[in-house]
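Worksheet: one structure, shown below.
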Amino acid sequence: MHFPRSSEPGQPSSTRSYLNGGLTARRRQGLVPVRIRKQSALFQSRGKVTPADIAIFSRQLATMMSSGIPLVQAFEIIGAGHDNPAMRKLVLAIKQDVESGTALANALAKHPLHFDDLYVSLTSAGEQAGALETLLDKIATYKEKTEAIKKKIKKALFYPAAVLVVAMIVTAILLIFVIPQFESLFQGFGADLPAFTRMVVDLSAFVRDKGWLLVIVAGGVVFGFQWLKKRSRAFREILDRMALKFPIIGPILQKAAIARYARTLATTFAAGAATRCCTSSARRTPRAWATSTSSVGSITSGTRFTTRRCGSGRPWPPR
C-alpha cells in the first residue's frame, strides 16, 4: 500500500488531517500499511477544474454556510474531500486568502478562469447585505441549472456534430485518395475540363500538398478564440455586441439577457441588498451589460429605476 507522507514539511494542516484520517480508516478495516512512500509526481493526475466542479463546490459551500459552519472550516472540509488535485488546490488557496483577512469576493476574483464576474459580484453583494448564505444558495442553484442546460445542449448536438465529423473525414478521403485517380483518367481524354471539375481537382492537389497547413491554422484559430474568450473581457464584449446584432438570433439573445438581468435583480433584492448594489451585480450577467450600461450610473445619480428603464429606449420593453 502506498500513501503520500503525512509528515512532509510545509504540507497544509488540512491535507495532513485528511491523510491521517485515511490511515485511521484503513486500520479500522484491519489493514496495516507495511510501507509508506511518496507517490511519484510523474504518475499523479493533475486534472483540471471544470464548471461542474465549480457547481458542486458552490452547492457544498452554500449547504455548509446555511448549516452554521464557519467559512474557513467549510473550505477546509471541501478541500480535503475533493479527489481532483486541481480543485483541492484551488479551494485551499481561497481558504488561505480568507484566513489572511481577504474578503471572499476578492479571494474568488483572484481566479477569473473559474469564477466569472457574476459569481464574484453576487458574492460581494451577499457580503455587503449580510445574506451570504442566501446568495450562495442562489448561485449554486444557478450553476446547477446552467450545467443541466449545457448537458442537454451537448446531448442534442451530439448527433449533428458526429454527422459533421464523419462528413469531413469522408470529404478528406475523397480529396486525398479518390480525386487523384479521376484526375489521371481525365488527363487521358485530352480535353479541357469544366471549371467546376478543375476547381475540385485543384482543391484536391492543395489538400494533398498543404493539408497540414490547414490543420495547423484551424487548430490555432480555435485555440486562440477559446483563449481570448476566457481571458479577455474586451473580446467577450465584442462577441456579445456582434451576437446581439444578428438578424434572428440577436432578439432572442437580447430577451434572454433581459430575463437573466431581471432574475439576478430579484435574487439580490430578495437578499436585502441595496438598489445600486443589485444593479451592479445584475449587470455582470452574460450579455446583460449591453442592455444595462447606463442604468447603474443613472440610479447612482438619483434617477428612479423605472424611469431610466422606460426612457432608455430599445432594449427595454414598455410598461
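The values are calculated or read from the model by the stated rules, or taken from the named source; none is laboratory data. All figures in this text were calculated on a predicted structure; none of them were measured in a lab. Don't worry about glycine lacking a Cβ; one is built from the backbone with ideal geometry, like all the others, and counts go over all protein chains shown. Calculation scope for accessible area: heavy atoms of the full protein, side chains included, ligands and nucleic acids excluded. Shrake-Rupley method; radii C 1.70, N 1.55, O 1.52, S 1.80 Å.
Please work out the ratio of the alpha-carbon Rg of region 140-197 to 2.2 N^0.38 Å and round it to two decimals.
Dividing the Cα Rg of region 140-197 by 2.2 N^0.38 Å gives 2.15.
Please report the Cα spread of region 92-172 along all three principal axes, rounded to whole Å, starting with the longest.
59, 23, 18
Suppose we take every Cα in region 142-262 and form the convex hull; what volume per residue is that in Å³?
It comes to 167 Å³ per residue, whole-number rounded.
Can you grab the distance from the C-alpha centre of region 50-98 to the C-alpha centre of region 144-186, Å, no decimals?
Their Cα centres are 40 Å away from one another.
Ordering 142, 261 from largest to smallest accessible area (1.4 angstrom probe), what's the sequence?
Order by accessible area, largest first: 142, 261.
Show me, for region 121-137, the HN-Hα J-couplings you get by feeding each phi into the Karplus relation (A = 6.51, B = -1.76, C = 1.60, θ = phi - 60°), rounded to Hz, glycine and proline as x.
Calculated HN-Hα couplings, in order: 5, 5, 5, 5, 5, x, 5, 6, 8, x, 10, 5, 4, 5, 6, 5, 5 Hz.
Which of the aspartates and glutamates could a cross-linker bridge to residue 155, judged by Cα under 13 Å and excluding same-chain residues fewer than eight apart?
147
Scan region 168-212 for chymotrypsin sites (Phe, Trp or Tyr not before Pro) in coil per DSSP, keeping those whose Cβ has at most 12 other Cβ atoms within 10 Å, and list them by number.
Sparse-neighbourhood loop chymotrypsin sites (Phe, Trp or Tyr not before Pro): 189.
Full-extension gain between residue 86 and residue 158, please, as 0.36 nm times their residue separation minus the C-alpha to C-alpha distance.
Between residue 86 and residue 158, full extension yields an extra 23.1 nm.
Can you pick out the pairs among 89/145; 48/210; 89/230; 110/154 whose Cα atoms lie more than 23 Å from each other?
Where the Cα-Cα span goes over 23 Å, the pairs concerned are 89/145; 48/210; 110/154.
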